Structure formats: structure tokens, C-alpha cells
Amino acid sequence: MIAQPPIRFDRTTGALEGASAWERLAALAFSSGSKVASTFSHRGYNRCANLLRKALPERDIAIKLNADATFEFPYGDGYWIKLLNRSYCYEDELELLFRDSVDVDYTLIDCGANFGYWSVLVSSAPYGSHKAIAIEPSSQNFAKLENNAKINGSRFDVLKSAIGAASGSARLSGTRHEALSITGNGDGSGEIVPVIALDNLLDDGRISPDGKYLVKLDVEGVEIEAIKGGPRLLQGDSVLLCEEHGSDPRHSVSRFILEQTPLTLIVYDPRSRRLETVTELSILDRIKVSSHVGYNVCGTASSFWQNRINALNANAVRRLQ
């Protein structure tokens, strides 16, 4: 059976092309549902969207994120179909930093890249056409990541691997593509995947020690181990962008960065709309309001990036005045 071409959606204009009447009706439900669910951090949205997906033909959707970026994924996928809601912003604290860094010559190291959303965007012209290395361990996810690299002119590199404290191998398991982990489920199921440390990218010559990097870690429970594997990379001109889960009242990842590394810990505070330097973890008690979502925190030892963040904060203050 020949696969149908993907449905196409333009986030700028709202144009939906190539969809059947039923698929158009579903698109309205996905978009409207996201707008309603956004008022309570999209709790339950993924599950409902995935149920509706079962009533749809298996087909992909190619979303035009901007004039130079197309992101393709299975139509109805609960995690990504929120993008049909044109007011939805995926990880707005990262969006803020990437938008402000258009003029910086940096490389994105996209660990736990999933289908490659951020690599697609950061390598696009409106975001500065930056180099990116998208790293993803799952075979199924990696196939979609490779496809997204291909349809965007193969302008970013892809690498099939998990990230850990040292090179080796591990068992990847989980039931949701956005939450696969090498932390282990104890029953021996899952896929055996290679593991590399962040500093292996330096050792293998994939990146230069004198470059500038934004290092996104979305590695589902092994953030601390991943940080341990990158001391040389992270002591240079790098910013670590790391997920701190809302369900963790101890703020374990932030605590490790603050207490066990030389990195300055920074978090986006929606109240001030600034990237605030963290000296007391109690600020996260206020920021982490939803237990089912992740919050990105930053760590850097780079005076260059700290100065950029200070300038970004100054611009935010001027915008509010």
C-alpha cells in the first residue's frame, strides 16, 4: 500500500491542505482542545488526542513552523498535535533564548531530540541557520528524526545514541515516544541502544573545544548522569538547557547543578519574564506549578553567555516599561 502524502499545515497563515473532511474536523478538535487545555497546562490532552487519533487513517502531517522550517510527525500524535493551535508555544523559555541568540555563532546539541523539533527550528533562517547535532536513541523516533532532517535539506546532523555519564550501552524502554528512558523498567523489555557522554563529542571531533554551544538535555531521568559526562564541554562557552520535572519536589536536577557543579543555575521566572540566577531552590517551589510537566533550567560557566542573558533580561525590563 502506497503511503498518502502528508497533510500540510502552515502555522503562520492557518492554511490546512490535503486533509479529508473528517481530518479537517479532527484538526478543529485538536486545535480547540489545546486552547481549552492550555488553561490547565494541557493535563489530559495527550491522552484524549491519542484516542481520537485511533479513529483517523494512519498518516503524517507536515507543519510549516516558519518559511524555512517544516516539522513532520504522525497526524493526531498527542504530544505534537498541539502545534495546530497557532497560539501554542512549545517550551517558551527555550524559544526566548533561541530567538535572542540568532546573531551568535553557536551549535545546538539536541540530546533526546525526539523527532527533531528544536533542531529543525534552530537550523532555519529566522533562527540564524545554526548548526545542530540531533541525538536520539530510539529506532522509531530516529527514523522520524532522519526524515525531518531530510525534508529540511539535511542541514543538521543526526546521531543515534542515548546520553549518559560514560560511553557504553543501555536498555531503552517506555510506552510513549516522548518519555522513553534508559533508567530501566526491570522486566528486560525494550531496545538496546548505544550510550555516549557529552565529552565524547569533543573526543570524536564532532565539536570543537573553542566553540559556543547550547546543550539541550531532554533525557528522561538521566539528566544528572548526562551532566556528569560533560565536564569539559560544560566548562567552556556552553549553556546547559535541562529539564526539571514538575513532579520532583526536591528539584534534584537543579540541586545537583547548584551544589555539585561549577555552573551558575538560571531559571525562567514567568512572573518577572526574566531568566533569574538561582541561589535558593525555593524559587522553584513557586515556578513549578504543574506536577505533570517539565520545566527547563539553565546552567552555564561562560561569562559570554551570562552577559547575553543579562542583556536579554535588560531588554525584557524595557519591554515591560
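The values are calculated or read from the model by the stated rules, or taken from the named source; none is laboratory data. In this text the structure is predicted, and so the values were computed from the model without any measurement. All Cβ positions, even for glycine, are placed from backbone atoms using ideal geometry, and neighbour counts span all protein chains on display. Heavy atoms of the whole protein, side chains included, go into the accessibility calculation; ligands, DNA and RNA do not. Shrake-Rupley method; radii C 1.70, N 1.55, O 1.52, S 1.80 Å.
Quick notes on this structure:
- Remark: region 119-181 carries 41 Å² of accessible area per residue (probe radius 1.4 Å; ligands, DNA and RNA excluded).
- Beta bridges by DSSP in the chain, antiparallel share as percent, to the nearest 5: 55
- Angle in degrees between helix 139-151 and the longest Cα principal axis of the chain, rounded to the nearest 10: 80
- Fully extended contour minus Cα-Cα distance, from Asn147 to Ala55, at 0.36 nm per residue: 30.6 nm
- Against the chain, whose longest principal axis comes from its Cα atoms, helix 21-37 is set at around 40 degrees.
- The Kirkwood radius of the chain, taken over pairs of alpha-carbon atoms, gives through the Stokes-Einstein law at 20 °C and 1.002 mPa s a diffusion coefficient of 105 µm² s⁻¹.
- Region 117-162 and region 71-88 have Cα centres lying 17 Å from one another.
- Anisotropy class of region 146-242 from Cα gyration tensor, a/c 1.5 cut: oblate
- For region 261-321, the solvent-accessible area of protein heavy atoms averages 52 Å² per residue (probe radius 1.4 Å; ligands and nucleic acids excluded).
- Accessible-area composition of region 1-118, carbon plus sulfur, in percent [1.4 Å probe]: 55
- Using the Cβ-Cβ distance between Gln140 and Arg255 with R0 set to 41 Å, the FRET efficiency works out to roughly 0.80.
- Cα-based shape type of region 46-190, given that a ≥ b ≥ c are square roots of the gyration tensor eigenvalues and the cut on a/c is 1.5: oblate
- Paramagnetic label zone (point 7 Å from Cα along Cα-to-C-beta, Ala29; backbone N under 15 Å) in region 43-58: 45-58
- Rg/Rh ratio calculated on Cα atoms of region 1-72 (Kirkwood radius): 0.98
- Each residue was assigned an accessible area with a 1.4 Å probe, and for Thr107 the value is about 20 Å².
- Sequence of Phe40, Phe256, Phe73 when ordered by accessible area, the most exposed leading, probe 1.4 angstrom: Phe40, Phe256, Phe73
- Using a probe of 1.4 Å on the protein chains alone, the accessible area found for Ile283 is around 40 Å².
- Protection proxy ranking of 53-60, 224-231, 82-89, by the mean of other Cβ atoms within 10 Å over each peptide's residues and highest first, is 224-231, 82-89, 53-60.
- Listed residues Leu51, Leu180 arranged by accessible area, highest first, probe 1.4 Å: Leu51, Leu180
- Estimated dipole of the chain in Debye, rounded to 20 [Cβ of Lys and Arg +1, of Asp and Glu -1, Cα centre]: 960
- Accessible surface of Thr261 - all protein chains present, 1.4 Å probe, nearest 10 Å²: 30
- Net +/- balance of residues flanking Ala37 in space, Cβ distance below 14 Å, scoring K and R +1, D and E -1: +4
- Fully extending the segment from Arg273 to Asp105, taken as 0.36 nm per residue of separation minus the present Cα-Cα distance, adds 58.0 nm.
- Among Val293, Val158, Val215, residue whose mean-square fluctuation peaks in a GNM of the chain (springs only between Cα atoms under 10 Å): Val293
- The convex hull of the Cα atoms of region 197-300, projected and averaged over all directions, covers 6.3 nm².
- Residue pairs, from the table Lys150/Lys216; Lys54/Lys212; Lys150/Lys288, whose Cα atoms sit over 32 Å apart: Lys54/Lys212; Lys150/Lys288
- In the context of the full set of protein chains, residues of region 1-87 present 54 Å² of accessible surface per residue (probe radius 1.4 Å, heavy atoms only).
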